[in-house]
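The values are calculated or read from the model by the stated rules, or taken from the named source; none is laboratory data. As the structure is a prediction and not an experimental result, all values here were calculated from the model. Here the Cβ positions follow ideal geometry from the backbone for every residue, glycine too, while neighbour counts run over all protein chains shown. When the accessible area is computed, the model is the full protein with side chains, heavy atoms only, and any ligands, DNA or RNA have been set aside. Shrake-Rupley method; radii C 1.70, N 1.55, O 1.52, S 1.80 Å.
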Amino acid sequence: MPHKKALVAVARSILVIVWHLINNPEAVYQDIGSDWHQRQANPARKTRDLVRELERLGHQVTLTPPPPTPQPERTWGTAEIRVKGAMS
């Protein structure tokens with residue numbers, strides 16, 4: 001049953017878009033992209049909201065910055081390159 005509800009919700013969204021495009025000839029559909037939510041994510045806002053939620057639940061919140069992550073040491077190895085059919 002949840003699968004059918006999801007299908008109906010998506011179909012309704014598409015119909016609403018089509019209706020707006022048909023009823024307003026000046027309207028242009030522009031796809032926002034599949035990663036829109038990721039691009040709109042704001043870490044500072046999320047932190048603020050989570051702190052407020054914890055304080056509302058009665059907790060005292062103190063934030064400390066995370067320790068810097070160590071950068072992996074880069075080592076350059078040797079590679080052997082073989083060309084097929086080359087004379088040696």
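List of remarks:
- On the beta carbon distance between residue 51 and residue 73, with R0 = 30 Å, the FRET formula returns roughly 0.25.
- Distance between modelled label sites at residue 36 and residue 20, nm, 7 Å Cα→Cβ extension: 0.8 nm
- Residues of the range 1-70: accessible area per residue with a 1.4 Å probe, Å²: 101 Å²
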